[in-house]
Amino acid sequence: RLPYTTLFRSRGPVRTRFIVGNWKMNKTASDAGAFVHRLSQELPHHAGIQIGLTPPFTALHAVREALGPASAVLLGAQNLYWEDKGAFTGEVSGAMLKDIGCQFVLVGHSERRQYFGDQDSWTNKKVLAALRHGLQPILCVGETLQDRDSGQTDLVIQRQLRAGLAGIEAHTLPTLTIAYEPVWAIGTGRAASPEQAVPVHRLIRRTIGELSGTDIGNHVRILYGGSVTPHNIADFLASEEIDGALVGGACLDPVSFATLVKVAIGSKPTTV
Ligand code: 13P
């Protein structure tokens, strides 16, 4: 018989599932109250998974107020700038996000990379700034259709990870969350199949392990994003490699988002 400690260790860390609703540039501060009220009505009190929302900057305060201090729903921002303050017109710092009640922040979302020029070196500065301010970064990575068709997926993902996580202390790595969002699956209604996503999740975990030189990759949560709906979420979470989802379109209606979360609650947590 195996000693208890070996049995325990062989079960590995439990990664709590994380479902994040990214509002993108949708909804005003005035819309926030009704959304949160409806969502709270729909969600069970003890979900056993983490749930997060990333409203636009202008609605952060309203969502924080509507959630109230006791809410288990985490508040996040969609972006941040790496300097703490100063003459950077139009930007918002980690210190400001922390002050308004954010707990996490998206970094390097493909729409930032595509439309606003966010480069790997910037995502790195943003990840470091988030950590400096006690905000949990969710680093988003993903290949374009052209990358995938030309067999570059692994290279692109590894480049985004290595650059985005450069200089991060190894002991901090387990607190990170990575979101794998293939660009071609975002907002297209054409989700990646679990068969397409799982190998990339494995690659991400392996790459983080290599960066840290340990099994730390097993602790990092890796979410899938790209046309996730209440109908396909269970297929993704059926894989031990997929620890949750970053949801766009399907989170804009509180009942649809709550349905998706409820399906996720019904799925097994991951032990590795
Ligand atoms: P959709 O769910 O609308 O495809 O968006 C995914 C996404 O980009 C979440 O950040």
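The values are calculated or read from the model by the stated rules, or taken from the named source; none is laboratory data. Fair warning: this is a prediction, and the values are worked out from it, not measured in the lab. Don't worry about glycine lacking a Cβ; one is built from the backbone with ideal geometry, like all the others, and counts go over all protein chains shown. Keep in mind that these areas ignore ligands, DNA and RNA; they rest on the heavy atoms of the full protein, side chains included. Shrake-Rupley method; radii C 1.70, N 1.55, O 1.52, S 1.80 Å.
Could you give each residue of segment 62-71 its phi-based ³J(HN,Hα) in whole Hz, using Karplus coefficients 6.51, -1.76, 1.60 with θ = phi - 60°, and x for Gly or Pro?
Using θ = phi - 60°, the values come out as 5, 5, 4, 5, 5, 5, x, x, 8, 5 Hz.
Can you sort Met25, Met96 by solvent-accessible area, 1.4 Å probe, largest first?
Final ranking, largest accessible area leading: Met25, Met96.
Would you mind counting up the charge near Ala32? Only other residues with Cβ under 12 Å from its Cβ, with Lys and Arg at +1 and Asp and Glu at -1.
Residues near Ala32 contribute +1 overall.
Go through Gly90, Val14, Val36 and say which Cα lies farthest out towards the positive end of the charge dipole of the chain; charges sit on Cβ, +1 for Lys and Arg, -1 for Asp and Glu.
Val14
Among Leu155, Leu60, Leu246, which one shows the biggest mean-square fluctuation in a GNM of the chain, springs joining Cα atoms closer than 10 Å?
Leu155
Output the direction-averaged projected area (hull surface divided by four) of the convex hull of the alpha-carbon atoms of the chain, in nm².
Projected area, direction-averaged: 15.1 nm².
Starting from the amide H of Ser93, placed 1.01 Å from N in the peptide plane, find each other amide H under 5 Å away whose residue is 5 or more places distant or on another chain.
Hits under the 5 Å cutoff: Tyr81.
If you take the Cα Rg of segment 1-151 and divide it by 2.2 N^0.38 Å, with N the number of residues, what do you get?
After normalising by residue count via 2.2 N^0.38 Å, the value is 1.24.
Using a 10 Å cut-off on Cβ atoms, rank the peptides 124-130, 210-216 from the highest mean neighbour count down.
124-130, 210-216
Where does the charge balance sit around Pro56 when Lys and Arg score +1, Asp and Glu -1, over other residues with C-beta under 10 Å from its C-beta?
Charge balance near Pro56 sits at +2.
Once amide H atoms are built 1.01 Å from N in the peptide plane, which residues 5 or more positions from Val105, or in another chain, come under 5 Å H to H?
Ala77, Gln136, Ile138
Rounded to the nearest whole Å², what accessible area per residue is found for segment 154-193 with the 1.4 Å probe?
With all protein chains present, segment 154-193 gives 41 Å² per residue.
Kindly sort Asp149, Asp253 by accessible area of their heavy atoms, largest first, with the probe set to 1.4 Å.
If we order Asp149, Asp253 from most to least accessible, we get Asp149, Asp253.
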